[in-house]
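Visitor: One structure, pasted below without further comment.
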Amino acid sequence: MSDSIRITIRLSREALEKLEELVEKGEYKNISEVVRTAIEEFLKEKNPPDNIKKLRVDLPRSTVNELMRLVEEGDAVDLDDAIRTAVREYVKRRLQEIAREQIRQQLDNLKKESNEMEEV
């Protein structure tokens, strides 16, 4: 026998109907499995490993569809992997753009200083 404990919760009718829809779609065997999964995911989100910061991101459906296409084409293992890769690539590209702009500004300042010295 597993080391489990039974609890009782109250839900709105609307919440219960949404949970029942998940079961009817075949995503879960029963409502208990839905609730257990939700609690496990909640606990994972609230207690990530020290080297990870979890964020919640709401994306337009079209963006999720594009990310799923990348998964289907083998560019990512799953949706989470596709999102992590997209964010990592975006941040990398933006930091490179910022670094290039800072270098341009430093070069412009050096040219300006050089021109000022030549005038003296």
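Visitor: How long is the gain from GLN102 to PHE42 if the chain were fully straight, where each residue apart is worth 0.36 nm and the alpha carbon distance is subtracted?
Guide: On the way: separation 60, 0.36 × 60 = 21.60 nm, distance 4.16 nm.
Full-extension gain reported as 17.4 nm.
Visitor: What is the local net charge at GLU20, summed over the other residues whose Cβ is closer than 13 Å to its Cβ (Lys, Arg +1; Asp, Glu -1)?
Guide: -2
Visitor: Return the Rg/Rh ratio of the chain with Cα-based radii and a Kirkwood Rh. Please report the intermediate quantities before stating the final value.
Guide: Values: Rg = 25.6 Å, Rh = 19.9 Å.
Rg divided by Rh gives 1.29.
Visitor: State to the nearest 20 debye the size of the charge dipole of segment 57-120 about its Cα centre, where the only charges are +1 on K and R beta carbons and -1 on D and E beta carbons.
Guide: So the dipole magnitude of segment 57-120 works out to roughly 40 debye.
Visitor: Can you tally the net charge around LEU55? Count Lys and Arg as +1, Asp and Glu as -1, for every other residue whose Cβ sits under 11 Å from the Cβ of LEU55.
Guide: Residues near LEU55 contribute +2 overall.
Visitor: Among the aspartates and glutamates, which fall within straight-line cross-link reach of LYS53, defined as a Cα-Cα distance under 13 Å, with same-chain neighbours fewer than 8 residues apart omitted?
Guide: The qualifying aspartates and glutamates are GLU45.
Visitor: Give, in nm to one decimal, the length gained when the segment between VAL91 and LEU59 is fully stretched (0.36 nm per residue of separation minus the Cα-Cα distance). Working shown, then result.
Guide: Values: separation 32, 0.36 × 32 = 11.52 nm, distance 1.73 nm.
Roughly 9.8 nm would be gained on extension.
Visitor: Pairing the Cα long axis of helix 79-119 with the longest principal axis of the chain, what angle in degrees results, from 0 to 90 and rounded to the nearest 10?
Guide: 10
Since every read-out is calculated from the coordinates, none of them should be taken as a lab result. These figures come from a predicted structure and were not determined experimentally. Reconstructed Cβ throughout: ideal geometry from the backbone, glycine too, with neighbour counts over all protein chains shown.
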